[in-house]
Structures are given as C-alpha cells and as structure tokens.
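Trainee: For reference, the structure I am asking about is given below.
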Amino acid sequence: MRQSKPLMANSTGTDPDNAAVQSALRTLEAEGSGIAAIEAALRSDLGEPCARAADLIRGAKGRLIGTGLGKSGHIARKIAATFASTGTPAFFVHAAEAGHGDLGMITTDDVILALSWSGEQPEMKTLITYAKRFRIALIAMTAEQDSTLSQAADVALTLPKAREACPHNLAPTTSSLMMLALGDALAIALLEGRGFTSVDFSVLHPGGKLGAMLKHVSEIMHTGAAVPLKPLGTSMSEALVEMTSKGFGCVGIVDARGAIAGIVTDGDLRRHMLRPDLLTALVDDVMTKNPKTIRGSLLASEALEILNASKITALIVTEASKPVGIVHLHDLLRTGVV
C-alpha cells in the first residue's frame, strides 16, 4: 500500500505550504489591499463626501435606514446594527421588500444608506423614487460613480475599484469587506463626534459578558453588614472572627472618623504568622496601611483591571474615604465579567 508523503510542519504544527493556508493568505492579502485603497481614497476624493455623509446622519431627526440586496444587504444590516449600538438609531430595510410595503418603515425624517457595488439593481429604483418623492436624504455606497444610484444620491460614497479575493473575481469578498469597513468608519466617527461614552454604551448593551463588564461596581458590591470592618485598636483575634464570618479573606480597618485606614488580608496573616503574639496583637500593627480602594461609580471591567494589576482578590468600595461596600473577584466571576 502506497503511503502518503508526510507534511513538514513548522513549530506551531501548521504546514505553511498547505494549499488551504496559501489560499487563505491570498484572500487576506486581496482584502487587505481593499482596505488600504479605502484609506488612500479617504485621504483624497472620498474624504469630502464621507464628511458630508456623517453630517447628514448626525443632523437627521429620524433614523439611519440601511438597505441593500444580496451580500450588500447583509453588510447593510450589520452596519445598521453597529450604528444602533453606538448611539445612532438605525435599522435595516431589505431593498426588495421595500417595494412590497416596507417603504412604510421609512419616514421623511430618516436618512437612507443604500449599498450596491454596481449601483444598478432594479429594486433600488423603488427606493430612489420614494426618496425623491418625499425628499428623504439618500447616501449611496457604490463602486460606480456614474451609476443610477450614485447619480440619484444626495451624497455618493464611491469606493475604489478592487479585485475580489475570489480567483474568478466574482464572489463578493473584498468588495463586501470594503463596504463594511467604510460603514464602521462612519459609525465610529459619529460615536466620537457625539461624545458617546462607555456609560452610554452600557445602556444599549445590558446583556452577555459585554453587559456585565459595563455594570458599575455599585451594582455588584456587597453593602451594609456584609462588609467586613473593624476599628483601629481591635485585637487580631476579633479581626480574624470578622474575616472568617464575612468570607472575603480580608477585613477593612477604619479610624475614629469612619474613614478607611488599612486592611488586614490573608497575605498579612501569612507575613506575620510566626509572631507568637499574633492573636493578641492589635490590627494597627498587622494591617496594610492606605489600601487600594475603588469608587462605586467605576465599571466592573475597571475593577477587574485593578484586581489583576495589584494581584489581590477584593477591593473596599469607598465614598469620601469611608467604606460603603466591598467587591470580590468571585462577584465578577458570578456576573460574567471574567
């Protein structure tokens, strides 16, 4: 029986001469050249219409309506979703369905962003007619400056010509990515122009890990009697009872004004475990002074960064230097931040 020739793999276990890998590399090279072409165009002739398109969308009283057919339609749907999630109300209307009643979704306060590489799909003519009749702003994203869609648009975003990654130059690949990239660029330009913050983002993304990371510390922290606290002058034996009963592996130490003065952690106990008088010693002599604290207004993701950077597992939450809560790494695990 003839044995096949074994593949020579590199250190990662991947054969660099494998046909599929070479094909993938050619695809990425082709699509990368498309992105580079858009960047060059934005520095040249595409820059001015792109700025006008952003102004049109920003000034609209209504929503952005993404529309298209085929692969362009899929990209338009994703672009609309990106706009909607970053502070610009938007949704998708299928160009073919528009002529069968979905035109009713589009109002005179809206702006239409129509995607078509050729700009000549017959279904687009219905949208063009509707936009002209009701004076709805129309932005075209095509590769043909002289196409029907471009000529009818208030703003024409003419993409530079690029070869598809498909070896037959037929399957929309590079062209789809270029449309998506320009749509993302517009969405982020509007996000930055509006001063859209992470707090605004959290309102629109309450679900999943992203939503968890955008929760505030005040939403997940433990408060009241659950917070392990003892005053200066407390014996270590009392502090250990507090640490054990509350289960956070630490106890915050407060001064006479109620402000946080220190913290006793498992690490402090290990550092002092050889002291014969550890249980009778005062927390003042064992605690870590001026411990790291966090504000309740910070995001859970920021709390995670502090915990990781400091190599600790819990943070006292303070307001005006006084403890109001505690957040533990387990809380971040439970809520899906980690």
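Trainee: So which of A60, A36, A76, A53 is within 25 Å of the chain's Cα centre (by Cα), loosely packed, with under 13 Cβ neighbours inside 10 Å and either under 21 Å from I136 (Cβ atoms) or at pLDDT 95 or above (or both)?
Mentor: Matching residue, one of A60, A36, A76, A53: A36.
Trainee: Going through the range 146-164 one residue at a time, which ones are part of a loop (DSSP other than H, G, I, E, B) and either basic (K, R) or under 15 Å from M178 (Cβ atoms) (or both)?
Mentor: Those that are part of a loop (DSSP other than H, G, I, E, B) and either basic (K, R) or under 15 Å from M178 (Cβ atoms) (or both): L159, P160, K161, A162, R163, E164.
Trainee: Still on this structure, I have one more. Of all residues in the range 79-123, how many are surrounded by 21 or more Cβ atoms within 10 Å (Cβ to Cβ), more than 27 Å from the chain's Cα centre (by Cα) and free of Cβ contacts under 8 Å to residues at least 40 places away in the same chain?
Mentor: Looking only at that region, the number is 3.
Trainee: Another question, then. Does the range 165-179 hold any residues that are assigned to a helix (DSSP H, G or I) and open to solvent by 40 Å² or more (accessible area, probe 1.4 Å), and which are they?
Mentor: L177
Trainee: Please determine, by comparing only the residues of the range 80-97 that are under 23 Å from R194 (Cβ atoms) and in contact with an Asp or Glu (Cβ under 7 Å, 6 or more places away or on another chain), which one is modelled with the lowest pLDDT.
Mentor: Checked the range 80-97; the qualifying residue modelled with the lowest pLDDT is G87.
Trainee: Report the residue count in the range 306-321 for those that are outside any loop (DSSP other than H, G, I, E, B) and surrounded by 12 or more Cβ atoms within 10 Å (Cβ to Cβ).
Mentor: 8
The values are calculated or read from the model by the stated rules, or taken from the named source; none is laboratory data. All figures in this text were calculated on a predicted structure; none of them were measured in a lab. Glycine also receives a Cβ, built like all others from the backbone with ideal geometry; neighbour counts cover every protein chain displayed. For accessibility, only protein heavy atoms count, side chains too; no ligands or nucleic acids. Shrake-Rupley method; radii C 1.70, N 1.55, O 1.52, S 1.80 Å.
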